[in-house]
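Taking it in order: structure first as structure tokens, then the write-up.
Each reported figure results from applying straightforward, stated rules to the coordinates on display, with no laboratory input. For clarity, every value in this text was computed on a predicted model and none was experimentally measured. All Cβ positions, glycine included, derive from the backbone under ideal geometry; neighbour counts span all protein chains shown.
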């Protein structure tokens, strides 16, 4: 199921509904209502944790109101910093770049799977098929054409070194998604995979098997997502305002939830 970018207000006050178009098979559309709009995006600054050395963002003032009549800055950043989108081409030369993702795939039902308890005891914890099976037993089947988000509680470390959590050898330790869980979700025809950590793969990974299993199938990922704890396990809709830059392998995104 997918939702178009147009939101139709109904009734009075702050209650709205979004109409989900038919899946690609052409079935009748469904409606999903919401009363809250939540920002799932961290603010990006030069000190935001990243895999890359140096500042995550460098800005240069190119115009000021006093001298030029307007304010403007130039940005310099790599594509994969902050709350950001991974496009299929990030791990597949023939994959879609960020600008070529179907808009219907970027506004979809959101499923939040909570592994915070085991991540609190084990920084290398992973979202596994067993976690997904337990989730389905409690909340029903994960719907097709949705985004599944791993909530590990890791965003509490985002302001310091604990977000990367590198050991003395420089190996990072933070939760991620097991590649078998990615395979489970591919079978469910899930479109997006989101995490509240730096990577779809756990921090200690060296060959990024979850990236390699997920992205080349034409699916997208979101990393360093914020505020997942404020969302219900099911019933919300995610809106991914990804970059529409030609050839982009990804990029910082403004991610919104309607709940």
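Here are the numbers:
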{"quantity": "Gaussian network model of the chain, springs between alpha carbon atoms under 10 Å - residue of 60, 155, 187 with greatest fluctuation", "calculated": "60"}
{"quantity": "Highest to lowest packing among 70-77, 220-227, 47-54, 194-201, scored as the average C-beta count within 10 Å", "calculated": "194-201, 220-227, 47-54, 70-77"}
{"quantity": "Radius, Kirkwood style, for the chain when every pair of distinct Cα atoms is counted (Å)", "calculated": "19.0 Å"}
{"quantity": "Set of the range 169-190 residues, backbone N closer than 20 Å to the point 7 Å along the Cα-Cβ line of residue 234", "calculated": "181-190"}
{"quantity": "Rounded if a/c under 1.5, otherwise prolate or oblate - the range 212-259, Cα gyration tensor axes", "calculated": "prolate"}
{"quantity": "Whole-number percent relative contact order across the range 37-258, with pairs defined as alpha carbons under 8 Å at least 6 apart", "calculated": "32 percent"}
{"quantity": "DSSP bridge orientation in the range 37-258 - percent antiparallel, rounded to nearest 5", "calculated": "65 percent"}
{"quantity": "CD proxy at 222 nm, helix term only [per DSSP H run n ≥ 4: -39500 (n - 2.57); per residue of the chain; nearest 500]", "calculated": "-3500 deg cm²/dmol"}
{"quantity": "Cα→Cβ-extended label distance, 7 Å offset, between residue 212 and residue 99, nm", "calculated": "3.0 nm"}
{"quantity": "Area projected by the alpha carbon convex hull of the range 108-238, averaged over all directions, nm²", "calculated": "7.4 nm²"}
{"quantity": "For peptides 126-133, 61-68, sequence by mean Cβ density within 10 Å, most packed first", "calculated": "126-133, 61-68"}
